[in-house]
1. How far apart, in nm, are the 7 Å Cα→Cβ label points at S449 and Q365?
2. Given the options L490, S469, L521, identify the residue whose Cα lies farthest towards the positive end of the charge dipole of the stretch 447-531 (+1 on Cβ of Lys, Arg; -1 on Cβ of Asp, Glu).
3. What distance in nm lies between label points placed 7 Å from Cα along the C-beta direction at A557 and R187?
4. Whole Å is fine, so just give me how far the alpha carbon centre of the stretch 86-103 lies from that of the stretch 233-289.
5. For T390, enumerate residues with amide H under 5 Å from its amide H, sequence gap 5+ or separate chain, H modeled in the peptide plane.
6. Say R0 is 41 Å: what FRET efficiency, to the nearest 0.05, do R550 and N463 get from their beta-carbon distance?
7. Tell me, in nm to one decimal, what length is gained between H130 and E144 on full extension, where the rule is 0.36 nm per residue of separation less the Cα-Cα distance?
8. Under a 5 Å amide H to amide H cut-off, with H placed in plane at 1.01 Å, what residues pair with L461 once short-range neighbours are removed?
Amino acid sequence: MAADSLTPPVTSYAIGSLIELDDHVYSIEGVDEFGTLSARDVRSGDVVRIAPEGVAPGPHAFHGDLNKVSDLEIARAMRHFALLSQYIDRQLPKAELPDLSKALGVQRTQVFSALERLRRAPHFTTLIRHRRGRQPGAKFLHSEVEQILERQIKLAVRAKLPLTIKTIFEETEADCVQLGLPAPCQRTVRQRIATIGPELTLRRKHGIRRARERVTPMPGKIPVVAPLQDVEVDHSPLDIFVVSTQERVCIGRAYLTAVVDTFSRVVLGFNLGFEPPSALTVALSLTHAVLPKNIWLSERGLSALDWPFYGLMKRLRVDKAAEFKSPKFEAACRKWGIEVYYRNKKEDGGIIERFIGTVQTWCSQEPGASGSDPKKLRGERDRRESAHMTLAEAEAWLTRQILMRYHLTRHSTLGISPLQAWRSAQAEASEPRAIVNNPTEFFISFLPSEQRVINHDGVRLFNETYFSSEARVYVQPGVKRMVYYDPRALGKAYIDVGAGTEYIEVRYTEPGKERVSKAELEAVRKARNDNNPSLFSTQQRVALVQENRRARAYSQAATRAARRKEMVEQSQRLVSAESQALRTPKAPEGSWEISSELDEQLSTPPRIWSEGPV
């Protein structure tokens with residue numbers, strides 16, 4: 001402002017005001033650029049310098065908070081002081097009154113009123129106009145009514161319910177009427193809630209837990225002195241929709257699992273995929289965090305970027321979700337000497353929560369952003385129509401945001417960028433950071449696995465065939481082996497052929513086939529099945545079953561009838577045989593029977609001999 005050079009800095013003490021200090025009375029004559037008061041002893045005339053912190057305001061001080069005065073009002077008061085200060089010690093000529101009134105933009109009577117105030121306290125703060133009416137925060141209720149209202153607000157906070165202002169007003173009104181006191185209006189209740197219980201106004205919007213988090217003080221910080229000493233891990237759905245690789249149709253939102261170093265705030269690694277939060281997603285992000293990322297960046301066409309943050313962490317700070325309680329995850333952490341720390345409060349993971357919030361802010365600026373509150377998007381155009389990035393493209397986009405923006409931006413807590421904090425700590429470190437000597441073993445130890453048989457044509461996994469020349473010597477039909485795979489990009493698997501110490505890599509037998517994630521492959525197959533429903537519909541199945549039932553009933557009835565007819569005929573033959581036997585006469589008792597030998601002799605015709613007597 002142009003008038004800054006004409007007046008001292010803004011202070012609550014007016015020039016010419018009197019103050020008492022150590023049994024001496026001083027008259028303020030000025031204020032230097034550091035805010036120190038220049039005062040003259042009224043009795044001795046000595047000029048001394050006084051710090052304003054330990055002095056009570058004098059009788060002509062500016063009463064009010066100068067921090068709440070607008071810059072325009074201060075500039076107006078300083079401009080008026082510059083024009084009127086020359087008439088403090090002399091009479092204002094009548095000829096100059098019209099021009100001065102016009103320059104000030106006030107009536108003539110107001111000119112004399114301003115001069116009268118300046119002669120009592122010659123300081124520009126004297127000319128600052130006060131707001132008329134009730135000042136903000138002024139209370140005019142009866143003291144007992146104030147106590148009742150404050151008690152009801154505190155009871156509402158302790159109730160842990162999303163109580164409305166109307167409910168608190170009715171409770172306060174009932175207590176006031178019972179004591180014969182005038183009840184406050186709802187507007188007054190709303191103002192007191194904003195002052196005494198701001199949590200109540202946030203409960204209906206954010207819920208009880210998040211409202212308490214916003215108003216509860218959370219002092220302290222995690223004691224760390226070096227990078228990789230303490231690392232935080234957490235996950236959240238990414239607030240942006242993703243499309244498929246081939247059809248470019250929206251297939252939903254991806255999940256982000258991030259690993260952030262507590263000391264330097266650098267992002268050690270992350271995992272972006274469609275798999276829900278689980279021990280697998282955490283393991284994949286940890287694998288990304290502890291290993292160098294040069295090959296990872298080159299595979300995604302980001303070789304020009306630098307991501308030098310990696311190493312084996314000493315402690316892992318996680319919440320008590322089920323995915324962090326997996327026995328396989330805990331065993332893998334113990335194998336590599338990582339201490340798992342389960343935080344009891346959400347505030348213990350404030351660093352990773354803040355980073356995830358930053359990522360969601362980046363997502364909100366991109367087409368296809370889903371938004372964090374679906375209720376706010378009602379009636380608007382579906383954001384899925386604007387989705388344009390595949391999972392691989394979203395992964396590359398997030399990598400650029402982290403390496404080209406986040407790591408280079410000054411952190412408000414550190415005072416420097418995360419990249420500078422990491423490099424400074426590494427330069428001063430007395431011990432080298434822990435490095436994983438066997439990256440492949442570390443990577444595979446966290447991967448999911450399936451038991452499969454190595455046949456002569458390869459290994460079948462997710463309806464795809466994997467094989468390599470190294471697997472030929474291990475073809476053993478009927479012998480199952482553990483096959484580890486990376487669900488983020490199928491097309492490559494690892495077969496355990498040495499009890500966890502030796503692995504062979506196998507790939508798709510079909511050359512040139514694109515590697516996609518397991519979730520995306522399942523989504524594509526599901527979409528294909530939905531678009532090509534089975535021709536064997538429900539009606540046809542029901543008709544077939546009914547026709548089979550009718551045919552089955554007819555054949556069963558025909559079989560029973562045939563069997564029944566056969567049984568009747570057999571019975572009739574038996575009855576006929578018995579009847580025939582009964583009609584045949586029997587030989588009398590004591591009669592002789594012709595033996596078979598005699599019967600044979602009698603049946604033989606007689607011989608006629610040619611010689612001998614007759």
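1. That separation, rounded to one decimal, is 4.5 nm.
2. Working it through, the farthest residue towards the positive pole turns out to be L521.
3. So the two model labels end up 8.9 nm from each other.
4. Taking the Cα centre of each part, the stretch 86-103 and the stretch 233-289 sit 73 Å apart.
5. V243
6. Working: r = 38 Å, r/R0 = 0.94.
FRET efficiency, R550 to N463: 0.60.
7. On the way: separation 14, 0.36 × 14 = 5.04 nm, distance 3.04 nm.
Result: 2.0 nm gained on full extension.
8. Y466
Every number here is computed from the coordinates shown, using simple stated rules; none is lab data. Here the structure is a predicted model, which means the values were calculated and not measured. As a convention, Cβ positions derive from the backbone with ideal geometry for all residues, glycine included, and neighbour counts pool all protein chains shown.
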